[in-house]
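See below for the structure under consideration.
The values are calculated or read from the model by the stated rules, or taken from the named source; none is laboratory data. Because the structure is predicted, anything quoted here is derived from the model rather than measured. FYI the Cβ positions are ideal-geometry reconstructions off the backbone, even for glycines, and counts take in every protein chain you see. The protein model used for the area step is the full one, side chains on, heavy atoms only, and it has no ligands, DNA or RNA in it. Shrake-Rupley method; radii C 1.70, N 1.55, O 1.52, S 1.80 Å.
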Amino acid sequence: MAVEGAAAAGATPERLDIRPVHKASRGFVNDASADVCELAVVTLLQAAAYDKPVALLPITMLGRYQHQTLVTLGEIGVDGVRGRSVGVRSWSQTTGVWLRGFLSEQYGLDLSDVDWHTYEGGHVDGATDPEWVTRAPEGARLQADFLEGRLDYGIMGNELPSDDRIRTAIPHALAVAAEWAARKGFAPINHVVGFSAAAADEDPKAVLAVYDALAEAAATSAPAAGPVNLSPVGFDGLRGPVTDAARYAYEQGVLPRRVEFDELVDRTCAALGVTASRLGG
């Protein structure tokens, strides 16, 4: 849909088929390997913090509840996290940022009291993990370490293996997540859309056409069940979840400085030569 929209604006789009999609982020953010790219919201926030030449198109490509992503084997629950080992693919992984934010705010956990293990770095050059986070040895895999008992907990979304022993650490996690979303007025979001400054300089109309096509597709898709929209579109729709994600990321040492939502809005509007209202804000 986005490709067709860009073509209608007179561009000559090329679809890059990179799977899983998060593997496209590093090249996009650091090397401008694509003009428009789906990427994790925390990667977009890190790119802004490190002044990479990319900006936000306010489209949600993936939104979901996150409380269920903290898993364990057996009976230990969320109350037992303090002092135990927890694995997560990357410290900057958006799923992990959301989940750690919940642990801190809802469960009163001091994150530095946990034995954190990561398995790869982030996508943005220059970003580092906090000194109290341990990088797993080269070749180690999160799923194997978890299933073989070398980790007490794992934070896993799409990476979750199939095993009957796995339990969500937060009791009634989906109900807790729905209550959180209803109270906040929004759901966590994982993936958004970014565009490069070079693409905006060359053909801002094509970038805007991508936004229009994706927004139209979102408007015509069936709404997900639940108290809030899991796939908001436009600056107004993304303000709440992106603001919370940015706050959590800064508190967790994922960002070297605070990134305010209006900074993202201003960067996008300046790059495309439009007002915020053109992009739903």
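Miscellaneous remarks
- Residue separation of ALA144 and SER33 scaled by 0.36 nm, minus their Cα-Cα distance, works out to 36.7 nm of gained length.
- Degrees between helix 204-220 axis and first principal axis of the chain (Cα, 0 to 90, nearest 10): 60 degrees
- Taking label positions 7 Å along the Cα-Cβ direction at both THR134 and ALA217, the computed distance is 4.2 nm, reported to one decimal.
- Rounded to the nearest 10 degrees, the angle from helix 94-107 to the longest Cα principal axis of the chain is 50 degrees.
- Using C-alpha pairs under 8 Å with a sequence gap of at least 6, the mean separation divided by the residue count of segment 16-109 gives a relative contact order of 25 percent.
- Extent along principal axes [Cα atoms of segment 123-162; Å; largest to smallest]: 34, 20, 18
- Theoretical ellipticity at 222 nm over the chain - DSSP helices of four or more residues, -39500 (n - 2.57) apiece, nearest 500: -11500 deg cm²/dmol
- Across q = 0.12, 0.21, 0.25, 0.28 Å⁻¹, segment 105-173 modelled as identical point scatterers on its alpha-carbon atoms has Debye log10 I(q)/I(0) values of -0.40, -1.15, -1.35, -1.40, in the order of the q list.
- The chain: relative contact order in percent, alpha carbon pairs under 8 Å with at least 6 residues between: 32 percent
- Tensor-based shape of segment 72-112 (alpha-carbon gyration tensor, a/c under 1.5 rounded, otherwise prolate or oblate): oblate
- Accessible-area composition of segment 37-151, carbon plus sulfur, in percent [1.4 Å probe]: 44 percent
- Computed over the chain, the alpha-carbon pair-distance distribution with 5 angstrom bins reads 1, 6, 12, 17, 18, 16, 13, 9, 5, 3, 1, 0, each value a whole percent.
- For a label point 7 Å along the Cα-to-beta-carbon line of ARG257, residues of segment 40-59 with backbone N under 14 Å: 46-52
- In this structure, ASP79 and ASP236 have a Cβ-Cβ separation that, at R0 = 41 Å, corresponds to a calculated FRET efficiency of about 0.65.
- Segment 70-182 - percent relative contact order, Cα under 8 Å, separation 6 or more: 42 percent
- Summary of packing: across the peptides 56-62, 158-164, the per-residue average of other C-beta atoms within 10 Å ranks them, highest first, as 56-62, 158-164.
- Summary of packing: across the peptides 40-53, 75-88, 126-139, the per-residue average of other C-beta atoms within 10 Å ranks them, highest first, as 40-53, 75-88, 126-139.
- Sum of side-chain charges, TRP98 neighbourhood, beta-carbon under 13 Å (Lys, Arg +1; Asp, Glu -1): +1
- Fraction of beta bridges assigned by DSSP in the chain that are antiparallel (%, nearest 5): 65 percent
- Model label points for ASP125 and GLU202, set 7 angstrom from Cα along the Cα-to-Cβ axis, are 1.9 nm apart.
- Shape of segment 232-281, Cα gyration tensor, a/c cut at 1.5: oblate
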